[in-house]
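Worksheet for the structure shown next.
Every read-out reported here was derived from the displayed coordinates using simple, explicitly stated rules and does not represent laboratory data. All values reported here derive from a predicted model rather than from experimental measurement. Don't worry about glycine lacking a Cβ; one is built from the backbone with ideal geometry, like all the others, and counts go over all protein chains shown.
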Amino acid sequence: MEGFSLSTIDILIMVAYAVLIIAYGLYHAKRDSSEEYFLAGRNMVWPIVGISLFAANISSSTLVGLAGDAFQTNTHVYNYEWAAAVVLIFFAIFFLPFYLRSKVYTMPEFLERRYDVRSRYYFSFITIIGNVLIDTAAGLYVGNIVLKIIFPELDTWVIIVILAFAAAAYTIPGGLNSVIQTEVIQAVLLIIGSIILTYFCFAEVGGWSGMIAGLNEKYAEGAIGLNAEETLSLVRPRGDEFMPWTGLLVGVPILGFYFWANNQFMVQRILGAKDLNHGRWGALFAGLLKLPVLFIMVIPGTLAILIFSDLDLSGLNYVRPDGQLCERLADCPNMTYPVLLFQLLPTGLLGLVLAGLLAAMMSSVSATFNSASTLITMDFVHKMRPTLTSKQLVRVGQIATLVLVVLASLWAPQIERFGSLFQYLQLVLSFICPPVVSAFILGLFWKRANSNGAIVSLLIGFGFAIFLILSNIFDLSPALNEVHFLHMAFFLFLICAAIHIAVSLATGLPDPEQIEAYTWRVSMFREETQELKSLPWYKNYRILALILLIITAVLVGIFW
């Protein structure tokens, strides 16, 4: 096929949208104080919190990654999505009250309150690195994929730099409020675009029954290794290369807990909630929004198996990391979602949906810029220079954002070396997050956990993580590389927890004030039960959480 091209109408729609979204972000800028700039004045209501969480998570990189893995018959990639609803319920019940009542700006700051400043510096440094290597760079990489097939003559670094500075255009002046306000618009557009694309995909194959028949036919021909029932199943055998059921059971919850409950990139939105109830309702709303992702973002990738698996892509001149030309979609699964858009959507609608996709990329990138700059400003600069005024802290945050733009732009092109985008995201995360998750969980639920146990387990866990990442790149330990990354995440969690417990028991008792203020107790649950009695059922977060849990269980049961 020839290269993809856009009509004048599509290009005008995309340009107009980009200009309007930047203007809208600047209009909602809040930068009079550090609290307004970094946490949107702590005045966000629950629908905004929930949609913002969803938009930041279902970014362009996640969307492209979901479709790409589903195209490879890995529909069980959806397990990451429904598991988020369960994790958010746990988060809303136990962790969120401590975060909001402590009035912290960052997650590392909370870790210092429970342990000491050593843990804060470690986690802040790790989070900043993760923001650049995982969230920001992945978003820029997706933008490059989309624009590269429209403008193949442009170098990758040129596209990435343009996208990075476009996202920074309203993040640097406006802070978190600009990020969240634009995220809401972009989330709505992204959902609408995904629903429209799903409609066109099903129309192409003859509906749900046509999809089932087509998958079974492909299986009979030997074109795919699974029949329709197996392709759409969320639970796979223990030997599955992508996500064995054991990995789903023990590994996915650890990754999910880090992403939703410890990651500054996500939690910063809830820290901006106007009160505890709005924070909880927003978290549960985000969990609810994750459930339809199966139908509007994952299954279109599965449908691409029937529609475009034999499509000739050589005319795109898209070169894979191994230097070979991408001739078919199977050679470059990360192209699945862009191919669906360009091949199925009519003029005008294509420009609007592409604008939504690129806007989602900008949303994700701008959010990570803001969260990382918050960490740099509040966890490092403010600690070293406590006399800085609120406006001076805002200026530091803006400069930090600019530096992050440069670093992320330099790293983003390297993602091509890892093949599947979603696999890259989960692989790196599975090695980085277990030590942090261990420190947070033990800190909240075990009174004896102390600062020495925390820092020792964090540092040893970090050493393991670096070795495992390098081993996967340079094949340092073939035996370890054979262990599935979801299993490895669980093993790392156990090792770090054991080290934390052993060192804590061998050293002194933690400060009683830390235990009193930052450790969960059963009495808290009882006191909250009395408070909730005065609320109608639709405002009782426990009832709402139970409803969400039931809906999730029914959906997973259907596709078990």
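How far apart, in nm, are the 7 Å Cα→Cβ label points at MET524 and LEU480?
3.5 nm
Please rank LEU329, LEU6, fewest neighbouring Cβ atoms within 10 Å first, as an exposure proxy.
LEU6, LEU329
Taking the Cα centre of each part, how many Å lie between the range 194-237 and the range 55-110?
Here the two parts' Cα centres lie 27 Å apart.
Taking other Cβ within 10 Å of each residue's Cβ, how do THR302, THR198 sort, fewest first?
The fewest-first ordering by Cβ neighbours comes to THR198, THR302.
5 Å is the cut-off here: which amide hydrogens, built 1.01 Å from N in the peptide plane, fall below it relative to MET44, excluding neighbours closer than 5 in sequence?
ALA273, LYS274
How would ARG114, ARG521 line up from fewest to most surrounding beta-carbon atoms within 10 angstrom?
The order, fewest Cβ neighbours first, is ARG521, ARG114.
Sort the range 421-560 into rounded, prolate or oblate with this rule: let a ≥ b ≥ c be the square roots of the eigenvalues of the Cα gyration tensor; rounded if a/c is under 1.5, and if a/c is not under 1.5, prolate when a/b is larger than b/c, oblate otherwise.
Oblate shape, in that a/c is at least 1.5 and b/c is the bigger or equal ratio.
Taking θ = phi - 60°, what integer Hz values does the Karplus form 6.51 cos²θ - 1.76 cosθ + 1.60 yield along the range 105-117, in sequence order, with x for Gly and Pro?
After applying 6.51 cos²θ - 1.76 cosθ + 1.60, I find 8, 9, 5, x, 4, 5, 4, 5, 4, 7, 10, 7, 5 Hz.
What pairs in LYS290/LYS539; LYS274/LYS539; LYS148/LYS218; LYS218/LYS290 have C-alpha atoms more than 27 Å from each other?
Among LYS290/LYS539; LYS274/LYS539; LYS148/LYS218; LYS218/LYS290, the Cα-Cα distance tops 27 Å for LYS148/LYS218; LYS218/LYS290.
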